[in-house]
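Step one of this worksheet: look at the structure below.
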Amino acid sequence: MARSKRSAFTLIELLVVIAIIAILIGLLLPAVQKVREAAARMQCQNNLKQMGLAFHNYATNNDSKLPATRVNVPSSKFRAWTPIVLAYVEQDNVARQWDNTQRWDSATNLAIAQTKIKVFLCPSAPDTRRPVVAPALGPIDYVVFHRLRPRFYAANNLVAPAADLNGALHIDFETPLLAITDGTSNTMMIIEDSAQPNSYILGRDTGTTLPEGRGWADPDGVSGSMDGTHPTTGAINGGSITASAGATCIMNCNNYSEPYSFHTGGVNVAFADGSVRFVRSTISAATFAALMTRDYGDIPGDY
């Protein structure tokens, strides 16, 4: 009986198929990464939306006043804004255990501060954080700036005001919504400042930790004064890096109490009206300053 011939791939045909598959994978991976980043960015925006709504829910229950960025007592940073909003972002169990009669770093509150809160973390930011204290405190990727310093204007060749200007929230006391006379839709409230306490410059980990920002409960890590003059140069792995824009940079140059994200081209921001928008890194210094202040009377341009 005649035997039927059995067909098979030749070595060349097999290599061609493998090459085609490799090309298709190479084309597909960037698209998958873009989809993943889009999903992470959307989750980050949702986090900001929840926190923005938490501030407004707090105001509803407190005479239309937004909370202070941190509650101070003489010579003591007593409490940040973060424990205040816990009950409004479905973290009631954590909120109930927090003791508002004690400092944030008391033994009781430090134990609670170790809790990782999902809404405080942007999925685009690195997961690995070098702890400043042991045990490590729950990290946070967002910050509230309570004032804009004159040196921000000077560093960006703008006419500097005589004194610090108010942000959406005040450092020491609650802010009535009516005090935001520049308009709640024109005033930034919560801004990304990712990867603390790791020190990042221009998207690269310097291998060191920041002098502040131990976690979501640390008043220094979640509130600050925007000045735009923190270093944008540094040494990484024995080499040096320098910001192309020079010594001043509005965002995404360093995460030392400055707007900083791992999204391409800008940062997510929750405004005082509760809306969340993506502010691009190409924004002018004058427009950024106008959006940072609540009652200076300046008009923001396009961004």
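We did not get these values from a lab; they are worked out from the coordinates using the rules stated. If you're wondering where the values come from, they're calculated on a predicted model, not measured in any experiment. Heads up, the Cβs are rebuilt from the backbone with ideal geometry, glycines too, and the neighbour counts pull from every protein chain shown.
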Sum of side-chain charges, residue 127 neighbourhood, beta-carbon under 13 Å (Lys, Arg +1; Asp, Glu -1): +2
Inter-label distance, nm, simple model (7 Å from Cα along the C-beta direction), residue 118/residue 208: 3.6 nm
Given a Förster distance of 22 Å, report the FRET efficiency between residue 295 and residue 60 from their Cβ-Cβ distance, rounded to the nearest 0.05. 0.50
Net charge near residue 271 (other residues with Cβ under 12 Å of its Cβ; Lys, Arg +1; Asp, Glu -1) is +1
Label-point separation in nm, residue 19 to residue 36, each point 7 Å along Cα→Cβ: 2.9 nm
Matching label, mean projected area of the Cα convex hull in nm² computed from the structure shown, candidates (i) 24.1; (ii) 15.2; (iii) 18.5: (i)
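At a threshold of 8 angstrom on Cα-Cα distance, excluding pairs fewer than six apart, so keeping six or more, what relative contact order does the chain reach in percent?
20 percent
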Computed, not fitted: 222 nm per-residue ellipticity of the chain from DSSP H runs ≥ 4 (each -39500 (n - 2.57)), nearest 500, equal to -8500 deg cm²/dmol
Can you say what percent of the DSSP beta bridges in the chain, counting only those with both residues inside, are antiparallel? Round to 5. 85 percent
Expressed as an acute angle from 0 to 90° and rounded to the nearest 10, what is the orientation of the C-alpha long axis of helix 11-60 relative to the principal long axis of the chain? 20 degrees
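Within the set of other residues whose C-beta is less than 14 Å from the C-beta of residue 109, count the net charge using Lys and Arg as +1 and Asp and Glu as -1.
+3
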By how many nm would the segment from residue 163 to residue 134 lengthen if fully extended, with 0.36 nm per residue of separation less the alpha-carbon distance? 6.6 nm
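Give, in nm to one decimal, the length gained when the segment between residue 275 and residue 181 is fully stretched (0.36 nm per residue of separation minus the Cα-Cα distance). Working shown, then result.
On the way: separation 94, 0.36 × 94 = 33.84 nm, distance 1.71 nm.
Separation in residues times 0.36 nm, less the Cα-Cα distance, equals 32.1 nm.
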About the Cα centre, charge dipole magnitude for the range 31-292 (Lys/Arg +1, Asp/Glu -1 at Cβ), debye: 400 debye
Count of lysine pairs, the chain, Cα-Cα under 29 Å, sep. 8 or more residues or interchain, comes to 12
Towards the positive end of the charge dipole of the range 31-292, with charges on Cβ (+1 Lys, Arg; -1 Asp, Glu), say which of 274, 203, 67 has the farthest Cα. 203
